[in-house]
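No value in this document is a laboratory result; all are computed from the given coordinates. Values in this document were obtained by computation on a predicted structure and should not be read as measured data. So basically every Cβ, Gly included, is an ideal-geometry build from the backbone, and we count neighbours across all protein chains shown.
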């Protein structure tokens, strides 16, 4: 399939697909006419990248998942390197949650001090 069809099937712009290729995450083959050619495996790779980006992973974070799929695993998260990225991301999210809870407590304390008797939601 050509780049336009891959873009349509995965919901990713052709510009993004070229960007993934530029960063070594997607490897296009070239047809005799010079056009990029992709396979069903590429649909799976791009879908994996897109799903990971949608939940906050960086493009570089997706690399172990893509490599795992290229090695023939049914999911990108089946390899130890991918599991490490998942665990690191969960640690980052937990740290963000703690920081947000601390900020919330500070704002609630400021509200309580500024407006005795005001209701603090949550």
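Descriptive notes on the structure:
- Legend: ranking of residues 57, 65, 119 from fewest to most surrounding C-beta atoms inside 10 Å; resulting order 119, 57, 65.
- Sequence ranges 102-114, 25-37, ranked by mean other-Cβ count within 10 angstrom, highest first: 25-37, 102-114
- Dividing the mean sequence gap of close Cα pairs (under 8 Å, 6+ apart) by how many residues the chain holds gives a relative contact order of 14 percent.
- Sequence of 118, 79 once ranked by neighbouring C-beta atoms within 10 Å, starting from the fewest: 118, 79
- Sites residue 118 and residue 94, calculated FRET efficiency, Cβ-Cβ separation with R0 30 Å, nearest 0.05: 0.50
- From the C-alpha gyration tensor of the chain, square roots of 5λ in Å: 43, 17, 10
- Segment residue 101-residue 35, extension gain: residue separation times 0.36 nm, minus the distance between their alpha carbons: 18.6 nm
- The stretch between residue 108 and residue 80, if pulled fully straight at 0.36 nm per residue, gains 5.9 nm over its current Cα-Cα span.
- Label zone at residue 21, where the point sits 7 Å out along the Cα-to-Cβ direction: region 30-57 residues whose backbone N lies under 19 Å: 30-50
- Extension gain for residue 70-residue 47 works out to 6.9 nm (0.36 nm per residue, less the C-alpha to C-alpha distance).
- Ellipticity estimate at 222 nm from DSSP helix runs (n ≥ 4, -39,500 (n - 2.57)) divided over the chain, nearest 500: -20000 deg cm²/dmol
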